[in-house]
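After the structure tokens below, expect a handful of questions from me.
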Amino acid sequence: LVARARTRGATRFAVLGPTSGFGDAMRASYSRAVSAQGGELVATQSYAPGATSFGREAAALRTAAPDAVFVADAARTLALVAPALAAAGLACLPAGSSGPRDGRAFTLLAPGLAFDPSLARTSGRYLQGALFAVPFHAATSTGAGRVFADAYAQQLGGEPDAFAAFAYDAYRLVRGAVDGGARTRPALAARLAGFSAD
């Protein structure tokens with residue numbers, strides 16, 4: 001996400017997330033990514049888990065004038081954060097768009113956890129230029145992913161999410177190692193270590 005935002009010209013980054021183990025881990029990871037990509041982390045804002053109002057945090061982010069804001073939370077929270085950022089004068093717009101007269105254009109960055117197709121309906125106007133790191137999305141999958149999604153829907157009903165896709169991939173890796181002769185835990189570990197992400 002940070003690398004993609006950098007290609008859009010972002011240099012000033014901010015992060016907004018809950019005060020929780022997940023939020024702390026995401027802030028630390030994001031900070032490392034910003035540094036590795038040559039960006040500057042200009043603001044970090046936190047809120048209590050389960051918060052539903054983000055005006056204070058959004059105003060603080062607006063003052064920091066970021067080019068990109070990473071929101072480390074689930075879709076239901078993002079649906080509340082996005083309009084709060086807009087109300088504070090931060091407009092999430094497609095790359096190359098000019099910002100509002102009295103505000104600032106920025107790119108909203110979000111992990112796969114924050115993606116939900118319903119966001120287009122509930123908060124789409126506030127997420128026009130957002131970037132999501134979605135590791136698997138059944139509706140847009142192709143190739144082997146499409147085959148998996150179709151089989152999942154036929155057998156279990158509904159669309160598989162990223163967790164179902166990861167579980168399927170993990171099963172196939174283990175099954176392949178066992179079929180390849182791994183009969184003990186050390187042998188299985190050795191075989192799995194040899195597999196590539198391809």
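Could you list, in sequence order, the residues of the stretch 152-181 that are over 23 Å from GLY194 (Cα atoms), open to solvent by 50 Å² or more (accessible area, probe 1.4 Å) and either aliphatic (A, V, I, L, M) or touching a residue at least 24 places away in the same chain (Cβ under 8 Å) (or both)?
If the condition is that a residue be over 23 Å from GLY194 (Cα atoms), open to solvent by 50 Å² or more (accessible area, probe 1.4 Å) and either aliphatic (A, V, I, L, M) or touching a residue at least 24 places away in the same chain (Cβ under 8 Å) (or both), then LEU156, ASP161 are the ones that fit.
Now for a separate question. Could you grab me the full set of residues in the stretch 64-91 that are closer than 16 Å to THR107 by Cα and of a type in the set (Ser, Thr, Tyr)?
none
Still on this model: Just to be sure I understand, how many residues within the stretch 1-44 are buried (at least 19 other Cβ atoms within 10 Å of the Cβ), touching a helix residue (DSSP H, G or I) at 6+ places or on another chain (Cβ under 6 Å) and not aliphatic (A, V, I, L, M)?
Selection size over the stretch 1-44: 2.
Here's another thing I want to ask about it. Give me the pairs: first residue in the stretch 15-37 and free of Cβ contacts under 8 Å to residues at least 40 places away in the same chain and under 16 Å from ALA3 (Cβ atoms), second residue of a type in the set (S, T, N, Q) and open to solvent by 30 Å² or more (accessible area, probe 1.4 Å), beta-carbon distance under 9 Å, and six or more apart or on different chains, which are they?
Filtered contacts from the stretch 15-37: SER31/THR44.
Restricting the search to the stretch 139-198, which residues are more than 25 Å from GLY112 (Cα to Cα) and outside any helix (DSSP H, G or I)?
Those that are more than 25 Å from GLY112 (Cα to Cα) and outside any helix (DSSP H, G or I): GLY180, GLY181, ALA182, ARG183, THR184, GLY194.
Of all residues in the stretch 47-92, count the ones that are open to solvent by 20 Å² or more (accessible area, probe 1.4 Å) and either under 20 Å from SER29 (Cα atoms) or in a loop (DSSP other than H, G, I, E, B) (or both).
10
Something else about it: Just one of (1) in contact (Cβ under 8 Å) with a residue 40 or more places away in the chain; (2) not in a helix (DSSP H, G or I); (3) not aromatic (Phe, Trp, Tyr) trips up GLN128, so point out which.
(1)
Any chance the stretch 93-111 includes a residue that's within 25 Å of PHE163 (Cα to Cα), open to solvent by less than 30 Å² (accessible area, probe 1.4 Å) and hydroxyl-bearing (Ser, Thr, Tyr)?
Checking the stretch 93-111: not a single residue is within 25 Å of PHE163 (Cα to Cα), open to solvent by less than 30 Å² (accessible area, probe 1.4 Å) and hydroxyl-bearing (Ser, Thr, Tyr).
The values are calculated or read from the model by the stated rules, or taken from the named source; none is laboratory data. Just so you know, these numbers come straight off a predicted model, no measurement behind them. Glycine gets a Cβ as well: all are built from the backbone with ideal geometry, and neighbour counts include every protein chain shown. Side chains included, ligands, DNA and RNA excluded: accessible areas come from the protein's heavy atoms. Shrake-Rupley method; radii C 1.70, N 1.55, O 1.52, S 1.80 Å.
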